[in-house]
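This report refers to the structure that appears directly beneath it.
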Amino acid sequence: MKVDKERLAKEFITLCEIESPSRREGRISRYLQQIFRDLGADTLLEDDSAGKTGSESGNLLIRFDGSLPLPPIFFSCHMDTVPPTQGIRVVRTGDLFTSQGDTVLGSDDKSGLVACIEAMRVLKEQEMAHRPVEFLITTCEEIGLMGAKAFDPKHMQAKEGYALDSTGFAKVITHAPAANKLEIHVAGVAAHAGLHPEWGVNAIVLAAKALADIPCGRIDEETTVNFGIIQGGVAANIVPEKVVINGEIRSHNPQKLKQLTQTISNRFINTAKHWSDPSGAARGKPRIEVRVEEDFPAMALARDSQVIRRIEQAATGIGLELCFEKAGGGSDANIFNGLGLATAIVATGMTNVHSTNEQVELEDMVSLTKLILALLSQVDY
């Protein structure tokens, strides 16, 4: 399994310098489609998810039929990146890749994409027998896993796979939490703050009282709560009428997630119910509405599951020792597992992602390519 390091490095630079912020993935999508056509893909599908995500492209599903009589597996990456992306130029120092410092690099998730491309080039060049494989490349991952959420699994033949999308290296994530989004609308009563403040009900004060009474941060070893955005008020001399608060709850335990979501919702609602008007002059009563949206389901893969045993065997075959971890974040893999597609998350070597200090080592991407090759060419036990 001889990987062409310099070809991989050149392709990685090309991928990174194609700007692909979320919803503007059209150019990278066309480029990837041409690459996989040139590699002789047996199926190349762009789905209709763009109508739901607002992206310039749908998700891509590429299939190579293979020659080994084994069940197909899939690899997943996303083609979008976080900003800033305008004018990305990759800097290579030895075998370390960074940006010039004023943009992201884009190794999240192009380090995964380039490993998939190089693996297929190696298979074709060396005429290696391999199992059937599908590559699912999503859009809009960075803005809420939107492409994955809009994907219809009926297009897939594979039922198990690997999402190449995590920091670090030689790491496989087997568990990730479920998450609920919260959007809380606090309605007060507007009034002139200097002339008739007693006529008003201050929505900001009401929101502050509710937030002060609610658990936040790390709740326990598997549960977190965060309120990240609060918006309200129009002027310093007006009693604020409206506040909107956005937050989230995550837990590896679905029952805890459900209970904590209900507890927090009740505390917000009770803050309005227990409001009192000391002056008796307020021209209305406050209302609080809590809107809950399931953001993504939990994922939990047993160590003895086929998808984990397969990658452990492949890693052993190339002399790579893996560590297995629980994560606190969500990814496309959460969505795929929720669709019944057993999906482990595999680290690609990228570090300092979502910042202008992002970087990745060439050797890590080479090793990832070899791991993909081992997964495709080995026989399941």
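The values are calculated or read from the model by the stated rules, or taken from the named source; none is laboratory data. Just so it is clear, the structure is predicted and the values come from calculations on it, not from any experiment. Reconstructed Cβ throughout: ideal geometry from the backbone, glycine too, with neighbour counts over all protein chains shown.
Annotations
- Note on segment 60-92: residues that are within 28 Å of MET128 (Cα to Cα) and in contact (Cβ under 8 Å) with a residue 12 or more places away in the chain amount to 19.
- Residues considered: VAL205, VAL225, VAL244, VAL239. Of these, the only one that is more than 30 Å from LYS326 (Cα to Cα), in contact with a Pro (Cβ under 7 Å, 6 or more places away or on another chain) and not assigned by TED's automatic domain parsing to the domain that holds LYS326 is VAL239.
So that you can scan it fast, the table gives a plain yes or no per residue for (1) of a type outside the set (Val, Ile, Thr); (2) at pLDDT 95 or above; (3) closer than 30 Å to GLN359 by Cβ:
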| position | (1), (2), (3) |
| --- | --- |
| VAL133 | no, yes, yes |
| CYS140 | yes, yes, yes |
| MET156 | yes, yes, no |
| ALA207 | yes, yes, no |
| ASP213 | yes, no, no |
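- Close contacts from segment 262-283, counting a first residue that is within 17 Å of GLU248 (Cα to Cα) and a second that is part of a loop (DSSP other than H, G, I, E, B), with Cβ to Cβ under 6 Å and a gap of 6+ residues or different chains, come to ILE264/ILE214; ARG267/ASP213; ARG267/ILE214.
- For segment 306-343, taking the residues that are under 21 Å from ASP108 (Cα atoms), among the hydrophobic types (A, V, I, L, M, F, W, C) and surrounded by fewer than 23 Cβ atoms within 10 Å (Cβ to Cβ), the one that is modelled with the lowest pLDDT is identified as ALA327.
- All of (1) touching a strand residue (DSSP E or B) at 6+ places or on another chain (Cβ under 8 Å); (2) under 26 Å from PHE12 (Cβ atoms) hold for SER367 with one exception: (1).
- Annotation note: of VAL186, VAL172, the sole residue that is in a strand (DSSP E or B), under 20 Å from the mean Cα position of the chain (by Cα) and of a type in the set (Val, Ile, Thr) is VAL172.
- Where strands (runs of 3 or more DSSP E) fall wholly inside segment 2-115, the ranges with 1 or more residues that are of a type outside the set (A, V, I, L, M, F, W, C) and more than 19 Å from the chain's Cα centre (by Cα) are 43-46, 60-64, 90-93, 96-99.
- The single condition from (1) under 29 Å from ILE184 (Cα atoms); (2) among the charged types (D, E, K, R); (3) crowded, with 19+ Cβ neighbours inside 10 Å that GLU289 fails is (3).
- Residue ranges of strands (runs of 3 or more DSSP E) in segment 268-381 with at least 3 members within 30 Å of THR85 (Cβ to Cβ) and touching a Ser or Thr at 6+ places or on another chain (Cβ under 7 Å): 342-346
- Qualifying residue in segment 251-264 (condition: in a strand (DSSP E or B), more than 21 Å from ALA191 (Cα to Cα) and assigned by TED's automatic domain parsing to the domain that holds ALA203): yes
- Qualifying residue in segment 30-44 (condition: touching a Gly at 6+ places or on another chain (Cβ under 8 Å) and modelled with pLDDT of 95 or more): no
- Among residues of segment 217-243, those that are surrounded by 15 or more Cβ atoms within 10 Å (Cβ to Cβ) and closer than 30 Å to GLY329 by Cα, counted: 9
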